[in-house]
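Enquirer: Sharing a structure below in structure tokens format, with a few things to ask.
The values are calculated or read from the model by the stated rules, or taken from the named source; none is laboratory data. What you are looking at is a predicted structure, and each value in this text was computed from that prediction instead of being measured. Note that each Cβ is placed from the backbone with ideal geometry, even for glycine, and that neighbours are counted across all protein chains shown.
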Amino acid sequence: MDETIMPTTEVQGGGDELPLATYELAYHILPTVAEGEVPTVEAELTELIKKAGGVVSDTESAERFELAYDIQKYLEGKYRHFSSAYFGWMRFTLKPKALANLTEGIDEHKQLLRYLMVRLTKVEETSPFRFHEALEASPLRTQKGVAADISGIVEGEVADVDGVVDAPVEEEVVATA
């Protein structure tokens, strides 16, 4: 029989064992959940991660806000439209093999409107984006997609943005033969 030569990485690592990966779970909790129950839903999500073998490293608690567009979800035999939700996120480390089990558990959670789970790069791991803090610090607050303060904007006004003037463009007429 011929001798099979295995690559060094497979022999040393056992082939099956992948290193821990860092993930971020961003979620919308249904607005029908009472505000006092939102921490309970977050605790249930944390428990699902722990049961899958993960360790939560960072979180941003869910807060209610208006969505940019309506999201519909099939609940209790009919489609319902939601224009607001509680938004939060959590970061955790987990073995990639356990991700399928975790996803199944999250899919079955009835109080979530929507969620997104992504694997983070090394750069993303070191600099989390805090949505609620950025929203509070934003100079332009909006209500249902309409700017709250538009008193300084005049229709047809030429705006100076970072030293570049947006002037009207004159159309050039090109003669064709």
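Enquirer: Testing residue 61 on (1) closer than 29 Å to residue 126 by Cβ; (2) modelled with pLDDT of 95 or more; (3) not in a helix (DSSP H, G or I), one condition comes back false. Which one is that?
Expert: Every listed condition holds for residue 61 apart from (2).
Enquirer: Name the single residue, out of those in region 1-38 being at pLDDT 55 or above, over 23 Å from the mean Cα position of the chain (by Cα) and among the β-branched types (Val, Ile, Thr), that is surrounded by the most Cβ atoms within 10 Å (Cβ to Cβ).
Expert: Out of the qualifying residues, it is 5.
Enquirer: I'm told residue 103 meets every condition in (1) free of Cβ contacts under 8 Å to residues at least 40 places away in the same chain; (2) closer than 14 Å to residue 118 by Cα; (3) buried (at least 18 other Cβ atoms within 10 Å of the Cβ) except one. Can you identify the failing condition by its number?
Expert: Here residue 103 clears every test but (3).
Enquirer: Suppose we filter region 65-80 for residues that are in a strand (DSSP E or B) and either loosely packed, with under 10 Cβ neighbours inside 10 Å or in contact with a Phe, Trp or Tyr (Cβ under 9 Å, 6 or more places away or on another chain) (or both); how many remain?
Expert: Quick first cut of region 65-80, residues in a strand (DSSP E or B) only: 65-75, 78-80.
Filter again for either loosely packed, with under 10 Cβ neighbours inside 10 Å or in contact with a Phe, Trp or Tyr (Cβ under 9 Å, 6 or more places away or on another chain) (or both), leaving 65, 67, 69-74, 78-80.
Looking only at that region, the number is 11.
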